[in-house]
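Enquirer: Sending over a structure as structure tokens; questions will come in a sec.
The values are calculated or read from the model by the stated rules, or taken from the named source; none is laboratory data. Please read all numbers here as calculations on a predicted model, not as lab measurements. Neighbour counts are summed over all protein chains in view; Cβ atoms, including those assigned to glycine, are modelled from backbone coordinates with ideal geometry.
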Amino acid sequence: MKILKRILKIVFALISLLFLIAICILWSDSSNTKYLQINKNESVSNNSYLIKNVNIIPMNQDTVLVDKMVFIKEGFIEKIADTIEVNGIQVFDGEQKYLTPGLIDMHVHVWDRYELGLYLSNGVTAVRNLWGMPMHLRIKEDINEENIFAPLFFTTGPKLTGLEFIGDDNVNLNNLTEAKEKVISYKNRGYDFIKTYYGLEKKVFNAVIEQSKKSEIDIVAHPSQKVPFSYHLNPQIKSIEHAEEIVQQPLHFDLDSIKLKPIIDSISQSKHTSYCPTITVFNNIYQMMMNDSILDSESLGYMNTLIKNTDSKKQFERWFNAKQEDSKTIDRIKKQHDFHITIIKKLHKAGIPIVCGTDAGIGVTLPGFSIHRELAFYKEAGLSNYEVLKTATVNASQTHSIMNQLGTIEKGKTANLLLVDENPLVNLSSLKKPSFVFVKGRKLNRTTLDSFKEKAKNKKNLIATALRYLENLIIEK
């Protein structure tokens with residue numbers, strides 16, 4: 001008995017020590033992102049001011065409002081006019097630059113807070129995180145309480161799948177009762193959306209949809225192969241993810257435009273569904289096969305350390321081996337990417353709202369930077385610059401009611417804005433390095449934005465990320 005007590009004491013001591021070490025690691029990682037903290041001692045005037053001499057791209061119409069003034073009051077757009085008289089308030093000179101709504105990335109996977117600064121640096125002022133974990137609720141709380149500079153943060157709960165095990169990163173639903181309980185739980189805990197995923201069977205899927213409607217929480221769907229593709233056009237599902245899923249599921253990899261037409265027609269007839277193509281992440285398969293040293297590239301320094309050492313490496317090895325086994329693989333992937341461009345054309349022609357999403361945070365798809373590649377692909381598909389910009393502004397904001405305060409520059413909207421040197425309706429690349437980014441009215445200049453980018457590079461937070469992921473496995477399983 002004495003030996004057993006000693007063993008228990010030693011075990012308890014080791015557990016306590018490991019727990020203490022984990023707390024220290026997480027605290028240290030948190031301290032390294034203090035540069036994002038908002039100084040609460042500053043006057044409220046830091047998000048109340050008058051912008052003068054600015055050209056506005058409102059995005060509620062295809063036009064430029066030339067030489068206007070904008071009154072920002074406590075983080076919201078109060079007034080837009082030729083002349084505005086407000087006493088006792090800071091005046092900010094727009095220097096005849098162009099004011100646009102901040103960009104919205106509708107499909108990201110956030111792994112750490114460093115990435116929040118990367119998104120801002122690239123003009124992304126709101127994100128929809130589609131792989132929810134407990135850490136994301138803490139990030140969301142800090143952002144909503146205006147403790148940190150970050151994009152506005154909307155997140156699904158954990159990914160919901162069926163009985164088939166397809167990875168420990170998913171929640172396997174065993175029955176209808178469990179499905180409904182998960183939806184209720186995620187809503188109560190503060191997740192914004194439900195994410196349905198590959199492998200979800202019809203009966204359980206029905207239960208998720210039914211409870212989501214009762215709980216008044218939108219669904220974002222990665223199409224499940226267990227139900228017909230048309231099943232995802234349910235009104236409770238507000239967006240369908242990935243152009244590649246059209247190829248893989250209803251088309252069964254047959255790159256046939258004639259067979260594509262009835263699929264596009266069915267989406268168009270739904271009248272309530274947006275489509276989020278995420279073609280950058282698929283194109284990155286091609287980039288990995290064309291560049292054997294991509295994992296050592298400077299740009300990969302912006303990926304989360306754990307992801308770079310696991311998912312990035314795993315994906316690279318998969319496609320490196322695939323091209324070694326069959327030299328035609330490269331051509332096949334390139335042809336599928338090109339067909340994704342065709343899908344964009346057809347979606348747009350049918351009037352289906354396209355919302356910009358990148359799938360950033362997995363593989364070699366970089367947080368923040370990738371949105372500009374995604375937008376360039378939409379341009380390649382034949383959309384005008386205005387139509388391209390809509391995908392990352394007004395279209396995105398109209399997908400969910402809780403995002404309606406974003407996406408345009410008009411009275412009453414949240415002052416999430418970009419000030420860029422050139423007109424993006426003429427030159428989309430002007431969005432890549434905005435002179436200023438405004439988040440809830442708070443101004444961030446280019447020097448600060450560049451510092452966010454620099455501090456997010458080559459971070460050493462592998463263990464901290466692993467601990468947060470372990471927390472997710474313990475809590476969500």
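Enquirer: Hey, can you tell me all the residues within the range 185-226 that are surrounded by fewer than 18 Cβ atoms within 10 Å (Cβ to Cβ) and in contact with a helix residue (DSSP H, G or I) (Cβ under 6 Å, 6 or more places away or on another chain)?
Expert: GLY190, SER215
Enquirer: Determine whether the range 111-122 contains at least one residue that is at pLDDT below 95 and farther than 20 Å from ILE237 by Cα.
Expert: Checked the range 111-122: no residue is at pLDDT below 95 and farther than 20 Å from ILE237 by Cα.
Enquirer: Kindly establish whether SER230 is of a type in the set (Gly, Ala, Ser), surrounded by fewer than 24 Cβ atoms within 10 Å (Cβ to Cβ) and closer than 19 Å to GLY162 by Cα.
Expert: The answer is yes for SER230.
Enquirer: Being out of contact with any helix residue (DSSP H, G or I) (no Cβ under 7 Å at 6 or more places or on another chain) and touching a residue at least 60 places away in the same chain (Cβ under 8 Å) is the filter here; which residues of the range 281-308 pass it?
Expert: VAL281, ASN284, SER299, GLY301, ILE307
Enquirer: Specify the residue that is nearest to LYS443 (Cα to Cα); the eligible residues are those in the range 74-98 that are modelled with pLDDT under 95 and charged (D, E, K, R).
Expert: GLU74
Enquirer: Does ASN41 meet the test of being surrounded by fewer than 20 Cβ atoms within 10 Å (Cβ to Cβ), part of a helix (DSSP H, G or I) and at pLDDT below 95?
Expert: When the stated conditions are applied, ASN41 does not pass them.
Enquirer: Working only within the range 319-359, note down all residues that are assigned to a loop (DSSP other than H, G, I, E, B) and of a type in the set (Asp, Glu).
Expert: If the condition is that a residue be assigned to a loop (DSSP other than H, G, I, E, B) and of a type in the set (Asp, Glu), then ASP326, ASP359 are the ones that fit.
Enquirer: Does ALA150 satisfy the criteria of being surrounded by 21 or more Cβ atoms within 10 Å (Cβ to Cβ) and within 25 Å of VAL124 (Cα to Cα)?
Expert: So ALA150 fits the description; yes.
Enquirer: Oh, and also: Considering each residue of the range 51-71, count those that are over 26 Å from the mean Cα position of the chain (by Cα) and in a strand (DSSP E or B), and give that number.
Expert: 12
Enquirer: Within the range 360-462, which helices (runs of 4 or more DSSP H) (wholly inside it) include 1 or more residues that are among the charged types (D, E, K, R), buried (at least 21 other Cβ atoms within 10 Å of the Cβ) and touching a residue at least 60 places away in the same chain (Cβ under 8 Å)?
Expert: Qualifying helices (runs of 4 or more DSSP H): 370-380, 385-391.
Enquirer: Something else: Can you find, within the range 309-347, the residue that is surrounded by the fewest Cβ atoms within 10 Å (Cβ to Cβ) among those that are basic (Lys, Arg) and in contact (Cβ under 8 Å) with a residue 12 or more places away in the chain?
Expert: LYS335
Enquirer: Quick one: in the range 44-56, which of the residues that are modelled with pLDDT of 85 or more and among the polar types (S, T, N, Q) is surrounded by the most Cβ atoms within 10 Å (Cβ to Cβ)?
Expert: Among them, the one singled out is ASN47.
Enquirer: Any idea how many residues of the range 269-319 are of a type in the set (A, V, I, L, M) and touching a strand residue (DSSP E or B) at 6+ places or on another chain (Cβ under 9 Å)?
Expert: The qualifying residues number 1.
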